[in-house]
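Structure, as structure tokens:
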Amino acid sequence: MTYGNIIHTITGRQRLLPLGRACCGLLLLLLTACEKEIPIDYRDAAGLYAAEAVLTQKECTVRLSTTQSVTDNSTADHNIADATVVLSSEGEVLDTLKYGADGVYKSAIGGMAGFVYDLDIYVGDRHFHSSSTMQEEPQLSSFRFVWKKFFSERMLFAQLRIDDKPRQQNYYFMHIYRNRVGYRWAVTTDEGNPGGELQQLFSCTTERQMDNNDEDALRDGDQIRLEVRAIDRLSYDYLYSMQVMDNSGSNPIANFSGGCLGYFSACHVVTRNYTFRTADVEEE
């Protein structure tokens, strides 16, 4: 919905890239009637490779793992420690990322706005490739928590405003962490509203949930970290497809060639830290 020069989007609960356990088979519904048992019929599949790769202005981080079969109930480590991960730009190899732990490969090389970066991952005889264009620094205007009235219910929102850059198409990924754990996220674009102010609302909780100490409700003293990334169109397409996946019934748009799940995004990141206090929440 567009109100004047403000794009206004409400997002729901936290949903992140599922790099660990993923159902790789087709599970038919189990129906029971007249006390007759109907067996479950599904097709199992081998684990797929999945990567979450981000190049910021400071460093490059790639987490590589395999998905877990629907029939695999083990607690085995699905991280990949023997891959070769190469970052390059304009045909020049910039670095081969070093493996640390937990499937994470790192490089201290950061990206520069306007450059196209390539990421190549080699695992055995498999090769996965993705490209992304580094964006300029996003400009945050304000961030606050606000009460809004919906019928008889008071709802708490986190409100973010971004000063959009004129004369270019811009895409943003916004992520709120609570006590170092992902809490809410969304992607947005200035399509149809270039150069205006973008507003993003994150639905947090109701007043009743806070009164009942719901585990998802914010509490006084919670440490809040806001992360805003300026991303390119390919990254936006992948993350947006993740955001609407439940409603669309489709899989995310492929970001890697070679059959690897996940995405690679070269992005400029801005972070802000806050301490949540109910007394500071504004009324609207």
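The values are calculated or read from the model by the stated rules, or taken from the named source; none is laboratory data. Computed from a prediction, not measured in an experiment: that's the story for all the values here. All Cβ positions, even for glycine, are placed from backbone atoms using ideal geometry, and neighbour counts span all protein chains on display. Protein only, heavy atoms only, side chains kept; ligands, DNA and RNA dropped before computing areas. Shrake-Rupley method; radii C 1.70, N 1.55, O 1.52, S 1.80 Å.
If His127, His175 are ordered by their accessible area, calculated over protein heavy atoms with a 1.4 Å probe, which sequence runs from highest to lowest? Walk me through the numbers before you get to the answer.
Values: His127 85, His175 5 Å².
Solvent-accessible surface, decreasing: His127, His175.
Using a 1.4 Å probe and ignoring any ligands, DNA or RNA, find the accessible area of His129 and quote it in Å² to the nearest 10.
60
Heads up, I need the accessible area for Val270: 1.4 angstrom probe, whole protein in place, Å², nearest 10.
We get 10 Å² for Val270.
Could you size up the charge dipole of the range 200-248 around its Cα centre, putting +1 on the beta carbon of Lys and Arg and -1 on that of Asp and Glu, and report it in debye to the nearest 20?
260
Ignoring ligands and nucleic acids, what accessible area does Glu137 show with a 1.4 Å probe (Å², nearest 10)?
In the full protein context, Glu137 sits at about 90 Å².
Counting only Cα, what are the radius of gyration and maximum Cα-Cα distance Dmax of the range 198-284, in Å?
17.4, 51
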